[in-house]
Amino acid sequence: MHSPAMDHISMLAMAGSQRRRSFNGALLRAALERAPAGVVCREFDPSCLPFYDGDVEAAGDPDTVAELKTAVHAADLVLLVTPEYNAGLPAVLKNAVDWGSRPPRPQAWDGKPVAIMGATPGRLGTALAQRALRESLTGLNAHVMPQPRILLGGAGTLFDEDLSLTDAATAERLDKFMAAAAEWARRFR
Ligand code: FNR
């Protein structure tokens, strides 16, 4: 029997660190492994984008920028996994937000369901980075999932040498987060 609730959700996932041993990259992979049935995931690497520059834009979107805009437009849900740098979000992720906010209208974030998470070895779990990211996206009329939140502090103790998630409590929270994110996306379809 066809049920709208079972329709698939296409999710675009981006991490704000491309560091080889990035905790946020590891968190993103753990989240994708826990995506509920019916969620189809695609990753986008924001470090492939040039830094936003109005002159570059005026000459026509570079291919990677066009790819980002198309991918965000096409996604039912965007998952952003952010490190915290100096009480804010990394430039590479903000740059993706900025390019996505540019014409043609409607810009890519307008009305887009977004889920945010982040990891840090520090204690506050990227609270400030997530707040900054949430504020930018809300200003762009994205629908940022309010709850549950994943603010992962002490990240150095939660993954093994291969950066696989070993902490059972975090795994359980991730399961709930990913299920909630899929439901969040369905609300806006
Ligand atoms: C950091 N780090 C950091 N951590 C934090 O919790 N709050 C902060 O404000 C900052 N500030 C900061 C600035 C800069 C420039 C760097 C390089 C790092 C530490 C950061 O959380 C840590 O390096 C993470 O491991 C980065 O994420 P990935 O690369 O592991 O995903």
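Among residues of region 152-175 that are of a type outside the set (G, A, S), those with a beta-carbon under 7 Å from a residue that is part of a helix (DSSP H, G or I) and away from the ligand (no atom under 14 Å from the Cβ) at least six positions away or on a different chain give the pairs L152/T170; L158/T170; L165/A171. If you scan region 97-140, which residues turn out to be in a helix (DSSP H, G or I), small (G, A, S) and away from the ligand (no atom under 16 Å from the Cβ)? If the condition is that a residue be in a helix (DSSP H, G or I), small (G, A, S) and away from the ligand (no atom under 16 Å from the Cβ), then G100, S136, G139 are the ones that fit.
Note on region 141-188: residues that are in a helix (DSSP H, G or I) and either of a type in the set (G, A, S) or within 22 Å of G122 (Cβ to Cβ) (or both) amount to 15.
Going through (1) within 13 Å of the ligand (Cβ to nearest atom); (2) more than 12 Å from the chain's Cα centre (by Cα) one by one, T82 falls short only on (2).
Evaluated against (1) closer than 24 Å to R189 by Cβ; (2) surrounded by 14 or more Cβ atoms within 10 Å (Cβ to Cβ); (3) out of contact with any His (no Cβ under 8 Å at 6 or more places or on another chain), K112 falls short on exactly one condition, (3).
Among the residues of this structure, A132 counts as one that is buried (at least 17 other Cβ atoms within 10 Å of the Cβ) and aliphatic (A, V, I, L, M). The residue that is nearest to H73 (Cα to Cα), among those in region 151-176 that are crowded, with 17+ Cβ neighbours inside 10 Å and touching a Lys or Arg at 6+ places or on another chain (Cβ under 6 Å), is L174. Pairs are defined by a Cβ separation below 6 Å, a sequence spacing of at least 6 or placement on different chains, a first member in region 130-148 that is more than 17 Å from D110 (Cβ to Cβ) and modelled with pLDDT of 95 or more, and a second member that is surrounded by 15 or more Cβ atoms within 10 Å (Cβ to Cβ) and among the aromatic types (F, W, Y); the pairs so defined are P148/F177. Of all residues assigned to region 7-14, at least one qualifies as being polar (S, T, N, Q) and under 21 Å from L140 (Cα atoms). Counting residues in region 103-120 that are at pLDDT 95 or above, aliphatic (A, V, I, L, M) and more than 15 Å from the chain's Cα centre (by Cα) gives zero. Here is the figure for region 56-90: residues that are under 18 Å from L133 (Cα atoms) and aliphatic (A, V, I, L, M) total 9.
Name the pairs whose Cβ atoms lie under 8 Å apart, with the first residue in region 37-59 and at positive phi, the second surrounded by 15 or more Cβ atoms within 10 Å (Cβ to Cβ), and 6 or more positions between them or separate chains? Close Cβ pairs satisfying both conditions: G38/I9; G38/A182.
The values are calculated or read from the model by the stated rules, or taken from the named source; none is laboratory data. Computed from a prediction, not measured in an experiment: that's the story for all the values here. All Cβ positions, glycine included, derive from the backbone under ideal geometry; neighbour counts span all protein chains shown.
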